[in-house]
């Protein structure tokens, strides 16, 4: 069980690193796309377009800071509240595996939501930052539910 | 496992960055030419407001391009420094 847990968590960690790298690359591309829009709009004299691009640029920076500074702190805080290995025997191992996997999946889901939001902001679509926050809230709620369900399951299945 | 995919994504992103940086320079040069034309036309028939607007436009365009080429890489470095390890 420990090996399976380690393997799955390594896979999720690599996915996290890849997603974070892609997030950074796409954030920079979105930034230069917005700067291109600002320069062309200022030449054309389109004031509204300039301000839209400036606000999109700011939103990209805010989403990047949220993704890189906020999400890891949220995941750390929630993961420390998840009951890991209560009891003993297979239930304990299963609890440890489950808490690790829940934390990993929730972290990836939150980063994916931020990535989608940043992509949407970069192409000038309606800001989906609210959707990203809702998805983060869903992930947090799922982790809290799992935190409550794990001890109940251990109690129901019997612990020593 | 994700390294080959990451390499592909980064290669595409680098190409896109170079393309957009080139496009930004082209747009800025065209805009600068337009403002120069506006300024000279204004000077030719005594349109002082037109000339001053053209000068302001050129200065603004230079500021925007400098902002794009100096500020964006700094933001990238900042975010790169903040890039977190997996928190699990």
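Based on the mean of other beta carbon atoms within 10 Å per residue, what is the order of B:55-61, B:1-7, most packed first? Kindly include the intermediate steps, with their values, before the conclusion.
Values: B:55-61: 16.6, B:1-7: 12.1.
The peptides rank, most packed first, as B:55-61, B:1-7.
Viscosity 1.306 mPa s, temperature 10 °C: give me the Stokes-Einstein translational D for chain B in µm²/s, with Rh taken as the Kirkwood radius over C-alpha pairs.
On the way: Rh = 16.2 Å.
Taking Rh from Cα pairs, D becomes 98 µm²/s.
Going from the alpha-carbon gyration tensor of segment A:1-154, what semi-axes, largest first and in whole Å, does one get by taking the root of 5 times each eigenvalue?
Working: eigenvalues 327, 42, 15 Å².
The three semi-axes for segment A:1-154 are 40, 14, 9 Å.
Return the Rg/Rh ratio of segment A:1-61 with Cα-based radii and a Kirkwood Rh. Numbers along the way, then the final one.
Working: Rg = 19.2 Å, Rh = 13.9 Å.
That ratio is 1.38, to two decimals.
For A:22-33, what's the mean count of beta carbons from other chains sitting within 10 Å of each residue's beta carbon? Kindly include the intermediate steps, with their values, before the conclusion.
Numbers: counts 6, 2, 7, 9, 3, 4, 10, 8, 0, 9, 12, 4.
Mean partner shielding for this stretch: 6.
At a threshold of 8 angstrom on Cα-Cα distance, excluding pairs fewer than six apart, so keeping six or more, what relative contact order does chain B reach in percent? Each step should come with its number before you reach the end.
Working: 33 pairs, mean separation 19.0, N = 88.
Relative contact order of chain B: 22 percent.
Can you order the peptides A:131-142, A:28-39, B:10-21 by their average number of other Cβ atoms within 10 Å per residue, highest first?
On the way: A:131-142: 16.4, A:28-39: 23.0, B:10-21: 13.7.
The most tightly packed comes first, giving A:28-39, A:131-142, B:10-21.
At 222 nm, what value in deg cm²/dmol follows for the protein assembly as shown if DSSP H runs of at least 4 each add -39500 (n - 2.57) and the sum is divided by all its residues, to the nearest 500? Please report the intermediate quantities before stating the final value.
Numbers: 7 runs with 213 residues, N = 248.
For the protein assembly as shown, the value works out to -31000 deg cm²/dmol.
Which length gain, in nm to one decimal place, applies between residue A:116 and residue A:61 when the Cα-Cα distance is subtracted from 0.36 nm times their residue separation? Could the numbers behind the result be given before it?
On the way: separation 55, 0.36 × 55 = 19.80 nm, distance 1.41 nm.
The span from residue A:116 to residue A:61 would gain 18.4 nm if fully extended.
Which residue, A:81, A:40, A:99, tops the fluctuation ranking in a GNM of chain A built on C-alpha contacts under 10 Å?
A:40
Mean separation of Cα pairs under 8 Å and 6+ residues apart, divided by the residue count of chain A: what relative contact order is that in percent?
29 percent
Helix A:89-122 against the longest principal axis of chain A: what's the angle in degrees, Cα atoms only, rounded to the nearest 10?
Between the helix axis and the principal axis of chain A, the angle is about 10 degrees.
Counting only other chains, what is the mean number of Cβ atoms within 10 angstrom of the Cβ of each residue in peptide B:71-81? Walk me through the numbers on the way to the answer.
Numbers: counts 3, 8, 3, 0, 7, 7, 0, 4, 13, 5, 1.
Average neighbour count from other chains, rounded to a whole number: 5.
Read-outs throughout are calculated quantities, based only on the coordinates presented, and are distinct from any laboratory measurement. What you see is a predicted model, and the numbers here were worked out from it, not measured in a lab. Cβ atoms come from the backbone with ideal geometry, glycine included; neighbour counts cover every protein chain shown.
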